[in-house]
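No lab work stands behind these numbers, since they all come straight from the coordinates. Here the structure is a predicted model, which means the values were calculated and not measured. Cβ placement follows ideal geometry from the backbone for every residue including glycine, while neighbour counts extend to all protein chains displayed.
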Amino acid sequence: MSTPTKPRGRAGFTLIELLIVLAILALLAAIALPSYWAYAARAHRAAARVQLLQAAQYMQRFYAANDRYDADRTGTQSVWAVMPPGLQRSPADGTQLYALATTGANASTAGTSAFMLVMLPLAGRAMDNDRCGGFTITQAGAKGLTTASPGAALLAECWR
């Protein structure tokens, strides 16, 4: 006497089921990735602002010690030569995304009684095409951006 064979159960997924799962994953990625990149950009901007503010504090301490912003008391060492390298980059460790500009068109300036520091995004890095551009700060604490006519709303958003 032979035993009747049972029908076999499915051993995998159908193509339709796989396509539905892929469509759901694609939809989630389309929603989540732009949000993630916006969050990452805000975090990178925050790190650049922190480094710029620390560099401005260094400049104030340098002035207190030397009675000028641009060089030491003897006038032999530029402030850029003695400023710690960690203050001239952002983030301070890891992959550098911003640099304190000391040369070029948008360079930081330091005189005997005033300074303006400029933290610029590096070309070819993640923040290169950021709409905020670079950040600036003066000895009086005035904050700005290197983008052309940023407007008060963009300035407030980028510096928050």
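Numbers at a glance
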| read-out | value |
| --- | --- |
| Value at 222 nm in deg cm²/dmol, rounded to 500, when DSSP H runs of n ≥ 4 in the chain each add -39,500 (n - 2.57) | -14000 deg cm²/dmol |
| For region 46-158, alpha-carbon Rg over 2.2 N^0.38 Å | 1.05 |
| Region 100-127 residues near the modelled ALA43 label - backbone nitrogen below 15 Å, point 7 Å along Cα→Cβ | 126-127 |
| Peptides ranked, highest mean first, by Cβ atoms within 10 Å: ranges 72-81, 103-112 | 103-112, 72-81 |
| Within region 46-158: Cβ-based charge dipole about Cα centre, in debye rounded to nearest 20 (Lys, Arg +1; Asp, Glu -1) | 80 debye |
| For region 77-125: rounded, prolate or oblate by the Cα gyration tensor [a/c cutoff 1.5] | oblate |
| Centroid-to-centroid separation of region 109-132 and region 42-81 [C-alpha atoms, Å] | 13 Å |
| In range of the label at GLN96: residues from region 65-86 whose backbone nitrogen is under 20 Å from the point 7 Å along Cα→Cβ | 78-86 |
| Table column - 3J(HN,Hα) (Hz), region 38-45, Karplus curve with 6.51, -1.76, 1.60, x for Gly and Pro | 5, 5, 5, 5, 4, 5, 5, 5 |
| Around TYR63: net Lys/Arg minus Asp/Glu count, Cβ-Cβ under 14 Å | 0 |
| Calculated from backbone phi, Karplus (6.51, -1.76, 1.60) coupling profile of region 124-129 in Hz, x at Gly/Pro | x, 9, 4, 9, 4, 9 |
| Three-way shape call for region 115-157 based on the alpha-carbon gyration tensor, with the a/c threshold at 1.5 | oblate |
| Rounded FRET efficiency, nearest 0.05, which uses the C-beta distance separating ARG125 from LEU27 and R0 of 30 Å | 0.50 |
